[in-house]
Every structure is written in structure tokens, then in C-alpha cells.
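Following: one structure in C-alpha cells, then a few remarks.
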Amino acid sequence: MTSVATPSSSSNISSSVALRNFVQTCRSPETRKIYLAALQYFMDYLKIERDRYDKLLEKDPKLIQMDISDYITYLKDSTTLSSGSISTYISAVRKFYTMNDITTLNWEKIHSFEPDREKSVEDRPYTHAEIKRLIENTSPRNRAIILLMSSSAPRVGALTGIRIKDLESIDNYGIRSSLGLDIKVRRNFFTIYR
């Protein structure tokens, strides 16, 4: 559903300048390609010729906001796009308007029209059997990594900073601990606390 056009403060921007403001601020060539296609889908929805980017800037911001909200509803109800794809399409539209100085749009309200994110894979911890299978079929180095990660749940990237010199022996348990960490041994595995 399209809205009636009224002049806005950005209506004096030419189509080529509006496009340049948008495209040249996309850092990655792949992002540029995806965002441009997403913006053109939005223009198709509004029945605006694909080379007339200036037409997107001619409406009052309240009407633009309504158009975007209606577009999200259309994408949810009339397409098979995932929530992630819809979010990408709307990110492209947002970037276009932001880069062309239409900054009064209520994006919190607009985003409330987006569908909830679908969870593609349910997160769960590995079972003891899965961990055992992993450590039985790997090198001693990878065995140490798997055991450390499965027992302490460090943040992504934390393991790369640990060096042998950072470890100290814990004679009572026959395990090693990173300096400055409190180790608790429970049921054949240990947890590290900061």
C-alpha cells in the first residue's frame, strides 16, 4: 500500500546523489549488492521505477514510516522470507533513508512490525557420550582443547590467549589451572571461576 506524496526536506536530492549516498557507504561489495537489491524490492512494492531513488525521498517522514511498516507486513504475510531476510531488507531501507538525511523515522516502532527471530538450531550442551567420542578420536592437543572447553565454557576466542606458562600444577587433582582462577572439581570434570 502506498501513501500520498508530499514534499520533504530531502526532495531536492537527485536520484544519482541519493543512490551514491546509499551505495558508497556500504563497505563490503557483497553488502552493497544485497542492500541494493533489497532497496529495489522496496521500490517495486511502492511501484516506483527502479532508477528513481529520489522519489523515495519526496514523502513526508510519517508517510515513509507507514510505507515501511506496511512493507514489513507484506513481507511477513505474502512471502516465504525468513525473519533474518526481512531484517536484512529493512536494514537496507533504513540505511538508504539514514544516508539521505531522513533521520526522523521512528525505527523502534518500525522494527516492532518485524517477525520474531526463528531459532534455526537449539543450543544445548554436549552429552558426556558425545564428549567421550570426540576425545577418543583426536590428537592430544585437541583432546586438551575439548576437555578445557567442555568443562569451563570459556567465551569464544578465550582459548587462543592461553599459553603453557599461564598454567600451574594443582597437585591434589593432577590437573593444571590458569593463574588467578579458582578451580572446583565435580563429578570427573572441573569448572573454572574468575
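Being touching a Lys or Arg at 6+ places or on another chain (Cβ under 9 Å) and either within 21 Å of Arg117 (Cβ to Cβ) or touching a residue at least 60 places away in the same chain (Cβ under 8 Å) (or both): is that true of Asp67 here? Judged against the criteria, Asp67 is a match. Residue count for the range 17-36, restricted to those that are in contact (Cβ under 8 Å) with a residue 40 or more places away in the chain and out of contact with any Ser or Thr (no Cβ under 7 Å at 6 or more places or on another chain): 7.
Say we look at the range 75-86 and pick out the residues that are open to solvent by 20 Å² or more (accessible area, probe 1.4 Å) and assigned to a helix (DSSP H, G or I); which of these is farthest from Ala37 (Cα to Cα)? Among residues in the range 75-86 that are open to solvent by 20 Å² or more (accessible area, probe 1.4 Å) and assigned to a helix (DSSP H, G or I), the one farthest from Ala37 (Cα to Cα) is Asp77.
The test for being in contact (Cβ under 8 Å) with a residue 12 or more places away in the chain, open to solvent by less than 70 Å² (accessible area, probe 1.4 Å), in contact with a helix residue (DSSP H, G or I) (Cβ under 6 Å, 6 or more places away or on another chain) and more than 30 Å from Ser82 (Cα to Cα) holds for Ile131. Considered as a group, the residues in the range 26-53 that are at pLDDT below 90 and not in a helix (DSSP H, G or I) include one that is nearest to Met99 (Cα to Cα), and that residue is Cys26. If you filter the range 94-119 down to residues that are among the β-branched types (Val, Ile, Thr) and surrounded by 14 or more Cβ atoms within 10 Å (Cβ to Cβ), you find that the one that is farthest from Leu19 (Cα to Cα) is Ile110. Name every residue in the range 36-68 that is of a type in the set (S, T, N, Q) and crowded, with 18+ Cβ neighbours inside 10 Å, in order of residue number. Residue satisfying the conditions is Gln65 alone.
Condition check for Ile135 on (1) among the β-branched types (Val, Ile, Thr); (2) over 17 Å from Met43 (Cβ atoms); (3) not in a helix (DSSP H, G or I): one failure, at (3). Taken together, Ala144, Ala129 contain a single residue that is modelled with pLDDT of 85 or more, of a type in the set (A, V, I, L, M), part of a helix (DSSP H, G or I) and over 22 Å from the mean Cα position of the chain (by Cα), which is Ala129. Within this structure, Tyr71 fails the test of being of a type in the set (Phe, Trp, Tyr) and within 30 Å of Leu147 (Cα to Cα). For Phe113, are the conditions met, namely being under 21 Å from the mean Cα position of the chain (by Cα) and in contact (Cβ under 8 Å) with a residue 60 or more places away in the chain? No: the conditions fail for Phe113.
The values are calculated or read from the model by the stated rules, or taken from the named source; none is laboratory data. Predicted model, so just to flag it, every value in this text is computed and none were measured. Backbone-built Cβ (ideal geometry, glycine too); neighbour counts: all protein chains shown. The area values use the complete protein model at the heavy-atom level, side chains included, leaving out ligands, DNA and RNA. Shrake-Rupley method; radii C 1.70, N 1.55, O 1.52, S 1.80 Å.
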